[in-house]
1. Run the numbers for I457 and N501: contour at 0.36 nm per residue of separation, minus the present Cα-Cα distance, in nm.
2. Quick one: length gained pulling A444 to C376 fully straight, 0.36 nm per residue minus the C-alpha distance?
3. Semi-axes of the equivalent ellipsoid of segment 422-504: what are they in whole Å, largest first, if each equals the square root of 5 times a C-alpha gyration tensor eigenvalue?
4. Taking the Cα centre of segment 288-371 as the origin, how large is its charge dipole in debye, to the nearest 20, when only Lys and Arg (+1) and Asp and Glu (-1) carry charge on their Cβ atoms?
5. Determine, from the Cβ-Cβ distance of F478 and T103 and an R0 of 45 Å, the FRET efficiency 1/(1 + (r/R0)^6), rounded to the nearest 0.05.
6. From the backbone phi of segment 104-113, what are the Karplus-calculated ³J(HN,Hα) couplings (6.51 cos²θ - 1.76 cosθ + 1.60, θ = phi - 60°) in whole Hz, Gly and Pro given as x?
7. Convert each backbone phi in segment 431-436 into a coupling constant with the Karplus relation 6.51 cos²θ - 1.76 cosθ + 1.60 (shift: θ = phi - 60°), then list the ³J(HN,Hα) values in order as whole Hz, x for Gly and Pro.
8. Once the other residues with Cβ under 12 Å from the Cβ of S311 are scored (Lys, Arg +1; Asp, Glu -1), what is the net sum?
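The values are calculated or read from the model by the stated rules, or taken from the named source; none is laboratory data. Please read all numbers here as calculations on a predicted model, not as lab measurements. Note: ideal-geometry Cβ built from the backbone for every residue, glycine included; neighbour counts use all protein chains shown. Calculation scope for accessible area: heavy atoms of the full protein, side chains included, ligands and nucleic acids excluded. Shrake-Rupley method; radii C 1.70, N 1.55, O 1.52, S 1.80 Å.
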Amino acid sequence: MLRQFLSKLPRKSGKSDSPELTRSTSCTTAGSTPQPHRSNSLNLGSGRPCAPKRTSSAVFPASVVAGIEPLLPFKDVPNSEKMNLFVSKVSLCCVTFDFTDPTKNLIEKDVKRQTLLELLDFVSGSVRFSEPAILAMCRMCAVNLFRVFPPNYRSVVSNGGENDDDEPMFDPAWPHLQIVYDLLVKFITSSCLDAKVAKKYIDHSFILRLLDLFDSEDPRERDCLKTILHRVYGKFMVHRPFIRKAISNIFYRFVFEIERHNGIAELLEIFGSIISGFALPLKEEHKIFLWRVLIPLHKPKSLGVYFQQLSYCVSQFIEKEPKLCSTVIRGLLKYWPKTNSQKELMFLGELEEILEAINMVEFQKVMVPLFWRIGCCINSFHFQVNLEPDLCLWSIFGCLMRVENVMVAERALFFWNNDQIVNLIAHNRHVILPIILPALEKNAQNHWNHAVLNLTINVRKMFMEMDDQLFISCHIHFKEEEAKVSILAEKRKEAWKQLENAASLKPIARNTAVLVTPLATPIAY
């Protein structure tokens with residue numbers, strides 16, 4: 001068994017710096033799928049690795065701890081051998097253990113942990129990494145980190161995708177995974193790492209496997225991955241277009257296929273910092289990303305999980321190029337929620353931030369559909385429920401819906417507390433007031449909530465102060481339209497009455513359709 005274990009360690013030869021030789025002696029590449037090591041101990045009677053004696057005596061001491069032969073500390077070897085020792089220690093850490101059983105391989109796990117800590121301390125130094133060391137490091141990270149997650153059956157339909165009853169799931173192997181992640185961060189950010197050499201091993205395949213890990217349910221792991229991917233994006237400029245495209249593909253699949261991914265918030269946070277570094281004027285590729293990726297991300301039910309990060313990304317685009325305000329508003333109106341009050345509140349909050357940055361020209365492009373939607377929010381449906389001592393489930397649900405929709409109406413009316421928005425409305429009042437006045441009048445006449453009623457009256461007063469003649473004219477037109485609607489409703493009601501009377505006078509035979517109304521004659525058989 002020890003022969004198989006030691007075969008993972010690199011052999012020193014006259015061509016030890018050759019990547020081809022190093023690759024041939026590696027048992028697992030960065031793109032392969034790691035397999036868990038199931039052996040509890042390693043047999044020591046199978047000999048030493050094939051290497052010159054001085055390397056063997058320096059790297060493989062005779063002392064044994066619980067079946068694993070530990071490596072010498074870096075301080076006990078000369079500088080010329082430290083890189084070989086580094087490669088050997090990294091290869092030793094390719095041995096993986098089963099952490100689901102905390103009682104198995106305790107000493108071996110501790111030896112591996114101490115070795116990883118040694119490597120972490122060494123990587124923080126100033127020794128330049130050779131190509132075999134870079135390959136060994138990428139291979140070790142791949143073996144320890146890249147894995148397939150089990151399916152998750154937990155529901156994400158409640159609370160807009162946020163389930164407060166679900167506790168985050170923590171990986172039992174985290175004590176070792178955390179050190180490997182810290183080691184990878186130190187390795188990538190090290191000034192001693194040659195990016196031109198490292199890009200051959202931290203390649204597209206490595207990055208894709210790294211992105212797959214963002215679906216981990218452990219928030220600690222996703223936070224480490226966020227840091228690593230950001231450092232990779234910063235160090236390897238050649239990979240930047242690929243990283244953006246790969247993240248976009250994850251977003252596409254999330255929005256249009258599965259609507260289930262644990263790392264959307266972290267990926268958006270990364271993209272927020274990427275967007276802030278875009279040069280001006282923005283490339284067409286970046287504008288397409290805004291329209292085809294960021295705007296549709298408002299659609300999923302789980303918007304609440306990543307809304308803050310998504311809103312930041314959108315605001316970064318608008319800050320870079322204010323002309324995009326109208327494009328974003330059209331997108332929000334396209335995906336505006338019809339029955340989800342919590343999402344409506346999020347949309348209204350984001351909309352207010354956009355309106356604070358929009359210019360007059362862009363505002364005029366979207367003000368008609370925008371204020372039609374705001375009018376609908378002001379008249380948001382509400383449910384009046386008589387509270388009885390023995391409340392049933394549907395009564396409680398109705399009360400909650402009524403409260404949420406009152407919040408939507410209040411939030412929409414709060415737009416008139418924003419001086420920038422009021423200024424935009426005042427300059428375009430001839431277009432906006434005829435659209436919004438019917439909603440205000442309906443609230444003023446019929447709304448049951450005092451807070452919404454008071455806000456509505458205040459908004460009406462503001463419009464009157466802006467232009468009383470226009471307000472009076474629009475109010476007269478509203479009354480005329482209301483009268484026409486009332487006349488049409490009466491005509492429709494009268495027509496139905498005539499139909500009911502005609503149906504009640506018609507003889508009833510078997511298998512004949514009957515209009516069932518209070519005025520219909522009873523059916524006799």
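1. Additional length available on full extension: 11.4 nm.
2. Net length gain for the segment: 23.0 nm.
3. 35, 16, 9
4. Charge dipole of segment 288-371: 480 debye, to the nearest 20.
5. So the FRET efficiency works out to roughly 0.05.
6. With coefficients 6.51, -1.76 and 1.60, one gets 8, 6, 5, 6, 4, 4, 5, 4, 5, 4 Hz.
7. Working through the residues one at a time gives 8, 7, 4, x, 7, 8 Hz.
8. -4
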